[in-house]
Amino acid sequence: MRKWWQERVVYQIYPRSFQDTNGDGVGDIPGIIMRLPELKELGVGILWLSPIYKSPGVDNGYDISDYRDIDPLFGTMADMERLLAEAEKLDIRIIMDLVINHTSDQHEWFQKSRDQDSRYRDYYIWKPGRRNGKPPNNWTAFFMGSVWEYDQKSGEYYLHLFHRQQPDLNYDNPLVIAEVKDIMRFWLDKGVAGFRLDVINIIYKASFANGKPSLIIRGLEHYKSQEGNHQILRELRREILDKYDSFTVGETVMVDLQEAKELCDRERGELDMLFYFDHLEVDRRIARYIPKRFRAAKLLQVLTKWQQGLEWNAVYLENHDQPRIVSHYGDDQLHWEMSAKMLALMQFTLGGTIFLYQGQEIGMTNFDFTDMKQLNDIESHNINTLMKRLLLPAKLRWYWIRTASRDNARTPMQWSGAKGAGFSTASTWLGINKNHSDINHQEQLSRPDSIHSFYRKLIAFREQNDTLKYGSFTPLYARKNVIAYRRALADESYTVILNFSPVPRLTPFSGTVVLANTEEKTFAGKLAAYGAVMLIETNETVKYKR
Ligand code: TEU
Ligand code: CA
């Protein structure tokens, strides 16, 4: 049976950078309300809000200090209720970002937990150090360094897989699970339609033995996708989520296809879909920060694996942790518009639920910062410090940060070409890209051939088309950074051909165009630089060979 969340396009909002209405340089909930009509226009059916809960903001809200309150930076609970009501009027549903692997160290639970005798002690993971004066084990954190932080007051260490101000909750404690259920109920009762579950496959730590040697994350094998983790997800699903008309999308760290299949299996009843990272790491080495050459053939291979492997995919190219896709797999200079549209066409011709990230629909690019001081992201700063310690030259460090920093996606939304980009009248929490004079929402609305118009067209097309959402996926061709695949359902079949290179390419295909980033109605085989076409009734002169 098909579900409403398989039919709609999701749009991720990073509230801090979406729309400021009170002139403090930070986006807010009234700003989201103000922009609802534009989102409706675009064709969006679901909004995912990055965290707006009360938070000290060490990791921009992914460190929650009160799950039942709104951070004053973004507004009030009344604003949030108004947003839910206004969105409902437009038939737009809202999912919240739920971060339950860890809380902020400012959360009341954690503060109380520092007391050995408190009932909150076991809400977190406390351990004595090893006899040699070393921390409890050798695990390393996602944001660098040890996962253990010594707390003077407690005389023990606590575990944090991310920043030290993000202590991990203890999922061996049923009280913690009960709290999570309450929080979920609280928001579902307010009318939210589900959750994006942050780092949801690493919440259960099965053992605290030393991790085996690893170049990046040591300890992973003790807590990634453990049976205990699966059990908790099933319990949340059965007891809470199934009681509402809701869905979940899990963000899953270093997940492989087998794990993903288990996490999303309909019968098991854990997650509805999940975010994996493989398709964005085709040009990355082990650590996301180390680049290598992009090869479209490799991308096709990865897409094939996941499109064929999972029953239902969450299809995304951007989020608040990733560089902008046009700067990443496209060309944000000479071929900006063509490559942004080519990537859009690729995304909308993949099966699953589409997730767009704010600004993607206008082809926003990576930041134009020139100095580390302009960055806000703790991860970028930590990685820079680490690389410095490893004596990597400044030029290389900056090149890596510039291509992979999370702040690339976090610069304010470019609504107009005016000062402040129509985002804010004040000086903003993170710099605005100077290219907002050219790349902005207002300019693109005025043009029928803009990237924004193309997205609108794609959303509308897909809404009416089951083959793109539900059809099978077959790889057809990969040569010289041109790839092609087929999507088919019943007696409908489409061929998608994409050129990832900055020069025109000849392909063995021809046929009738349904969607393309150029004007022609029939395709004779030659793709423009970053050209993209979707054909119906295709002639193919050569069979695909790997
Ligand atoms: O990200 C989790 C995650 O897998 C990170 O390793 C992320 O991919 C990495 O930062 C990319 O370099 C989630 C959130 O999306 C992120 O914003 C949070 O900082 C993190 O969890 C901790 O809550
Ligand atoms: Ca504001």
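Residue check: is residue 65 surrounded by 24 or more Cβ atoms within 10 Å (Cβ to Cβ) and not hydrophobic (A, V, I, L, M, F, W, C)?
no
The rows are residues; the columns are (1) under 26 Å from residue 107 (Cα atoms); (2) more than 15 Å from ligand 1 (Cβ to nearest atom); (3) among the hydrophobic types (A, V, I, L, M, F, W, C); (4) free of Cβ contacts under 8 Å to residues at least 24 places away in the same chain.
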{"site": "11", "(1), (2), (3), (4)": "no, yes, no, no"}
{"site": "33", "(1), (2), (3), (4)": "no, yes, yes, no"}
{"site": "51", "(1), (2), (3), (4)": "yes, no, no, no"}
{"site": "74", "(1), (2), (3), (4)": "yes, yes, yes, no"}
{"site": "81", "(1), (2), (3), (4)": "yes, yes, no, no"}
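If residue 162 satisfies all but one of (1) in a helix (DSSP H, G or I); (2) of a type in the set (A, V, I, L, M, F, W, C); (3) crowded, with 19+ Cβ neighbours inside 10 Å, what's the number of the condition it fails?
Exception for residue 162: condition (1).
Okay, residues lined up against (1) buried (at least 24 other Cβ atoms within 10 Å of the Cβ); (2) within 14 Å of ligand 2 (Cβ to nearest atom):
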{"residue": "22", "(1), (2)": "no, yes"}
{"residue": "25", "(1), (2)": "no, yes"}
{"residue": "38", "(1), (2)": "no, no"}
{"residue": "42", "(1), (2)": "no, no"}
{"residue": "55", "(1), (2)": "yes, no"}
{"residue": "59", "(1), (2)": "no, no"}
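Being in a loop (DSSP other than H, G, I, E, B) and either farther than 14 Å from residue 184 by Cβ or aliphatic (A, V, I, L, M) (or both) is the filter here; which residues of the stretch 246-271 pass it?
The first filter runs over the stretch 246-271 and keeps only residues in a loop (DSSP other than H, G, I, E, B), leaving 246, 252-256, 265-271.
Listed by number, the residues that qualify are 252, 253, 254, 255, 256, 265, 266, 267, 268, 269, 270, 271.
Can you go through 151, 168 and tell me which one is of a type in the set (Asp, Glu) and either surrounded by fewer than 20 Cβ atoms within 10 Å (Cβ to Cβ) or at pLDDT below 95 (or both)? Before the answer, list the steps.
On the way: 168 fails: either surrounded by fewer than 20 Cβ atoms within 10 Å (Cβ to Cβ) or at pLDDT below 95 (or both).
Of the residues listed, the single one that is of a type in the set (Asp, Glu) and either surrounded by fewer than 20 Cβ atoms within 10 Å (Cβ to Cβ) or at pLDDT below 95 (or both) is 151.
Looking at residue 316 and the list (1) away from ligand 1 (no atom under 16 Å from the Cβ); (2) surrounded by 22 or more Cβ atoms within 10 Å (Cβ to Cβ); (3) within 23 Å of residue 477 (Cα to Cα), which single condition is not satisfied?
Status for residue 316: all satisfied but (1).
Say whether the condition of being in the same structural domain as residue 46 (by TED's automatic domain parsing), closer than 19 Å to residue 280 by Cβ and more than 16 Å from ligand 2 (Cβ to nearest atom) is met by at least one residue in the stretch 226-245.
The first filter runs over the stretch 226-245 and keeps only residues in the same structural domain as residue 46 (by TED's automatic domain parsing), leaving 226-245.
Now narrow it down to the ones that are closer than 19 Å to residue 280 by Cβ: none.
The answer is no; no qualifying residue exists.
Of all residues in the stretch 221-272, how many are basic (Lys, Arg), farther than 17 Å from residue 194 by Cα and without any contact (Cβ under 8 Å) to a residue 40 or more places away in the chain?
Count: 2.
In the stretch 395-420, what residues are under 24 Å from the mean Cα position of the chain (by Cα), outside any loop (DSSP other than H, G, I, E, B) and away from ligand 1 (no atom under 16 Å from the Cβ)?
398, 399
Report every pair of residues separated by at least 6 positions or lying on different chains whose Cβ atoms are under 8 Å apart, first residue within the stretch 13-29 and assigned by TED's automatic domain parsing to the domain that holds residue 56 and within 16 Å of ligand 1 (Cβ to nearest atom), second among the acidic types (Asp, Glu) and not in a loop (DSSP other than H, G, I, E, B).
none
The values are calculated or read from the model by the stated rules, or taken from the named source; none is laboratory data. Since this is a predicted model, take the numbers as computed values, not measurements. So basically every Cβ, Gly included, is an ideal-geometry build from the backbone, and we count neighbours across all protein chains shown.
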